[in-house]
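*Asks:* Before I ask anything, let me first share the structure, which is written out below as structure tokens.
The values are calculated or read from the model by the stated rules, or taken from the named source; none is laboratory data. On a predicted model such as this, the values are computed, not experimentally measured, just so you know. Heads up, the Cβs are rebuilt from the backbone with ideal geometry, glycines too, and the neighbour counts pull from every protein chain shown.
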Amino acid sequence: MYKVYLVEDESIVREGLRDNIPWEQYGFTFIGDSADGELALPEILRLQPDVLITDIRMPFMDGLSLSRIVKKKLPQTRIIILSGYHDFDYAQKAIEIGVERFLTKPVTRRAVTQLLAELAQKIETEQRSRDDLRRRQEEIQEYEQFRRRRFLESLFAGRMSVEEIYQESTKLRLDLSGPCYSIILFDVFDSNARDLTQSVQPEGELLRIREDILQFFLRHVRYVVVRWIGTSFCVIVKGAPDTVTFGIAQAEEEIRRITAASDGNTEYFLCVSPVSDRLSGLKDCYEKVGRYYTCRYTHPDRHVITQEVYEEIIKDLETDEKTDAEDSLTAGVNAGAGVNSGDVLQRTLKYIDDHYTEDVLSLQTAAKEADVSPGYLSGMFSQKMGMTFIEYVTSRRIDKAKQLLTDTHEHTAVIAAMVGYKDPNYFRYVFKKTTGVTPREYRSR
């Protein structure tokens, strides 16, 4: 239904139009009326009618003044002028304002209904044209984003020479010139969601926040931003060393400010690569920032991961692993009495074979299945198998990933999920650490 508002100082005319025209029959709903333009204007701006019908001669604010303001504030609103035969001079001014049509008093029901039928068809046609244009623009933007992402994927994989990089970036209207570079990988998400892929916020809230952040990056030439995997964004920061350093700090501050200005349920996770003085160095930057991004799941309390923070996390993990190994040996001695280790090992291996493609598999779940303590299972497994529980699970997953990379055409992110890795970036990191090559390189061989 299209909305209609009426402004007419003669009560007989106003009430006659309001009560005797079958508005709904022609696709309209009558949303209000007023006796003069001054009283009508605030209501019109609030209700935003599709059609405004107004008398041309009224006290306080006449129809021309009202029409001039409404056309400026609500350019999509169609204005119908009610005028007398002697209002020719007013009519010419109304044409200059952009009034849609005139109805000469006395106004007949037939004239109004005929005009409503024409207006409904015109509004619908123009709306359809705007929708088609917007859809085409969105498709073009989506295709441009796809081309830019594919280009950056090739750049980060090291498959392009410097000359090819500049040639392709020129075609895509990406300015990559600059003496120094860094990469930012970030996402914003609902802190109350059950996992990072779901949201309990009002529909559109996260989209609005992400769009505000995207617009910030688009306003500054020092950034090249592309939508990345899932809901994440990849940003190349370029320029002089001081410019890159300032750009990184400003990006972090703006993301923090925008998320903090929401309803308090939005958090962000951001990784920053070291600075490279070569365009070809972006390959190494991306490998590092992708590695840092795995901390999103292991250290959700950290909002920003840099090289220094990542090295600190790795150092802490190495200390924890050493402590866990010592605890496992102690637990194995204390908890192993009366336990058939061979039977426990067989149950554990079967459990791993049945569940290694699930991301919930852990030492704790396996120990519960085998009815022993995690410490005992860890120590016994390492002694019997010559490798840790995690190393064995990882080898099973990577072997399965190799098979899928060879035998299927599934995307790397899909294969990651199929072998138990929720985060595709972490899967790529583990795969390269295990095999020495990336999943893409393995498939190409």
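*Asks:* State whether one or more residues within the range 414-435 are touching an Asp or Glu at 6+ places or on another chain (Cβ under 7 Å), surrounded by 20 or more Cβ atoms within 10 Å (Cβ to Cβ) and either at pLDDT 90 or above or under 27 Å from LEU270 (Cα atoms) (or both).
*Replies:* Yes; the residues of the range 414-435 include at least one that is touching an Asp or Glu at 6+ places or on another chain (Cβ under 7 Å), surrounded by 20 or more Cβ atoms within 10 Å (Cβ to Cβ) and either at pLDDT 90 or above or under 27 Å from LEU270 (Cα atoms) (or both).
*Asks:* Another one. Taking LEU41 as the residue in question, decide whether it is at pLDDT 90 or above and not charged (D, E, K, R).
*Replies:* yes
*Asks:* Could you check, for the range 355-368, whether at least one of its residues is out of contact with any His (no Cβ under 8 Å at 6 or more places or on another chain), at pLDDT 90 or above, of a type outside the set (Phe, Trp, Tyr) and over 30 Å from LEU270 (Cα atoms)?
*Replies:* yes
*Asks:* So in the range 94-112, with the set limited to residues that are surrounded by 15 or more Cβ atoms within 10 Å (Cβ to Cβ) and in a helix (DSSP H, G or I), which one is modelled with the highest pLDDT?
*Replies:* Ranking the candidates gives VAL112 first.
*Asks:* Mind listing whichever residues of the range 24-67 are surrounded by 21 or more Cβ atoms within 10 Å (Cβ to Cβ), among the polar types (S, T, N, Q) and assigned to a strand (DSSP E or B)?
*Replies:* SER34, THR54
*Asks:* Check whether at least one residue in the range 347-370 is crowded, with 20+ Cβ neighbours inside 10 Å, among the aliphatic types (A, V, I, L, M) and without any contact (Cβ under 8 Å) to a residue 24 or more places away in the chain, and report yes or no.
*Replies:* For the range 347-370, residues crowded, with 20+ Cβ neighbours inside 10 Å, among the aliphatic types (A, V, I, L, M) and without any contact (Cβ under 8 Å) to a residue 24 or more places away in the chain: present.
*Asks:* A further question on this structure: Give me a count of the residues in the range 270-282 that are over 13 Å from CYS234 (Cα atoms) and touching a Ser or Thr at 6+ places or on another chain (Cβ under 9 Å).
*Replies:* Result for the range 270-282: 5.
*Asks:* Applying the selection to the range 249-276, what residues are out of contact with any Cys (no Cβ under 6 Å at 6 or more places or on another chain) and among the β-branched types (Val, Ile, Thr)?
*Replies:* Of everything in the range 249-276, those that are out of contact with any Cys (no Cβ under 6 Å at 6 or more places or on another chain) and among the β-branched types (Val, Ile, Thr) turn out to be ILE255, ILE258, THR259, THR266, VAL272.
*Asks:* Against the condition more than 21 Å from the chain's Cα centre (by Cα), surrounded by fewer than 16 Cβ atoms within 10 Å (Cβ to Cβ) and at pLDDT below 90, how does THR319 come out, does it pass?
*Replies:* When the stated conditions are applied, THR319 passes them.
*Asks:* I would also like to ask the following. Can you tell me which residue within the range 144-183, out of those that are exposed (fewer than 13 other Cβ atoms within 10 Å of the Cβ) and of a type in the set (A, V, I, L, M, F, W, C), is nearest to SER280 (Cα to Cα)?
*Replies:* The selected residue is VAL162.
*Asks:* Return a yes/no flag: does the range 382-389 have any residue that is modelled with pLDDT under 90, aliphatic (A, V, I, L, M) and either assigned to a helix (DSSP H, G or I) or at positive phi (or both).
*Replies:* Taking every residue of the range 382-389 in turn, at least one turns out to be modelled with pLDDT under 90, aliphatic (A, V, I, L, M) and either assigned to a helix (DSSP H, G or I) or at positive phi (or both).
*Asks:* Just one of (1) charged (D, E, K, R); (2) touching a Phe, Trp or Tyr at 6+ places or on another chain (Cβ under 8 Å); (3) at pLDDT below 90 trips up ASP9, so point out which.
*Replies:* So the condition that ASP9 fails would be (2).
*Asks:* Kindly check whether there is at least one residue in the range 73-88 that is under 45 Å from the mean Cα position of the chain (by Cα), charged (D, E, K, R), surrounded by 15 or more Cβ atoms within 10 Å (Cβ to Cβ) and part of a loop (DSSP other than H, G, I, E, B).
*Replies:* no
Here is a yes/no grid of residues against (1) exposed (fewer than 13 other Cβ atoms within 10 Å of the Cβ); (2) part of a loop (DSSP other than H, G, I, E, B); (3) at pLDDT 90 or above; (4) outside the structural domain of ILE165 (by TED's automatic domain parsing):
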| site | (1), (2), (3), (4) |
| --- | --- |
| ILE248 | no, no, yes, no |
| GLU252 | no, no, yes, no |
| ILE258 | no, no, yes, no |
| LEU270 | no, no, yes, no |
| ASP284 | no, no, yes, no |
| ARG291 | no, no, no, no |
| ILE313 | no, no, no, yes |
| LEU329 | no, no, no, yes |
| VAL333 | yes, no, no, yes |
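*Asks:* Taking the range 397-413, which residues are surrounded by fewer than 16 Cβ atoms within 10 Å (Cβ to Cβ) and assigned to a helix (DSSP H, G or I)?
*Replies:* Result: ASP399, GLN403, THR406, ASP407.
*Asks:* If you don't mind, another one. Pairs under 8 Å by beta carbon, first residue aliphatic (A, V, I, L, M) in the range 273-301, partner crowded, with 16+ Cβ neighbours inside 10 Å and in a helix (DSSP H, G or I), six or more apart or different chains?
*Replies:* If the second residue must be crowded, with 16+ Cβ neighbours inside 10 Å and in a helix (DSSP H, G or I), the pairs left are VAL275/VAL244; LEU279/ILE165; LEU282/LEU155; LEU282/PHE156.
*Asks:* Please indicate, with yes or no, whether at least one residue in the range 224-240 is loosely packed, with under 15 Cβ neighbours inside 10 Å, in a helix (DSSP H, G or I) and modelled with pLDDT of 90 or more.
*Replies:* Scanning the range 224-240 turns up no residue that is loosely packed, with under 15 Cβ neighbours inside 10 Å, in a helix (DSSP H, G or I) and modelled with pLDDT of 90 or more.
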